[in-house]
Amino acid sequence: MAGTRCHQYRIVNRWSGNLGTGTSAYAAYSRNHELNGEGKSEPIRGSSDPMFRGDRTRYNPEELLLGALSACHMLWVLHLCADAGIAIVEYCDEATGEMVEHEDGSGEFTRVVLHPHMVITDAARIADARAIHDRAHQVCCLARSMNFPVDHEPVVSAAR
């Protein structure tokens with residue numbers, strides 16, 4: 001396609017949960033694994049949700065999905081605000097997601113809501129900053145790729 005660029009990403013996911021007999025039984029193995037990206041100094045330590053025999057001290061795929069959606073949205077907001085001359089001095093998002101588990105054990109996310117709270121330096125630009133969240137949502141490649149709604153409910157305030 002003219003005018004488009006293709007970006008490729010790679011990550012290695014290594015299972016570290018062999019407790020001696022591999023997957024000889026459902027309860028015989030750990031769900032622990034490590035995600036490593038080229039040039040990264042630290043792996044992301046993952047597992048499954050504790051409800052599915054996972055380690056609650058490690059990130060599960062559902063949390064990583066929320067984190068990826070939140071980070072993509074935030075990075076676009078930061079970029080678009082910088083381009084618009086809006087200075088953000090604080091940004092925090094408490095993303096939430098809803099997943100339905102079906103009778104056959106399969107599951108799917110039905111909704112994610114981003115709850116970004118940001119503080120900007122100019123109170124006169126609060127409405128502009130809030131509107132930038134809509135634009136960020138339109139251009140975030142992750143939100144655009146989901147087959148469920150990714151909503152955002154931004155709160156913008158001015159620094160005192």
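The values are calculated or read from the model by the stated rules, or taken from the named source; none is laboratory data. The model shown is predicted, which means the values in this text are computed figures rather than measured ones. Backbone-built Cβ (ideal geometry, glycine too); neighbour counts: all protein chains shown.
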Residues satisfying the stated conditions in region 108-125, i.e. of a type in the set (Val, Ile, Thr) and more than 18 Å from Cys72 (Cα to Cα): Thr110, Val119, Ile120, Thr121
Search result, residues across region 98-120 that are buried (at least 18 other Cβ atoms within 10 Å of the Cβ) and free of Cβ contacts under 8 Å to residues at least 40 places away in the same chain: Ile120
Number of positions in region 106-151 that are farther than 16 Å from Ile88 by Cα, in a helix (DSSP H, G or I) and not basic (Lys, Arg): 8
Scan of region 105-138 for residues that are at pLDDT below 95 and over 17 Å from the mean Cα position of the chain (by Cα), ordered by number: Gly105, Ser106, Gly107
From Arg14, Arg31, residue being over 24 Å from Glu101 (Cα atoms) and among the basic types (Lys, Arg): Arg14
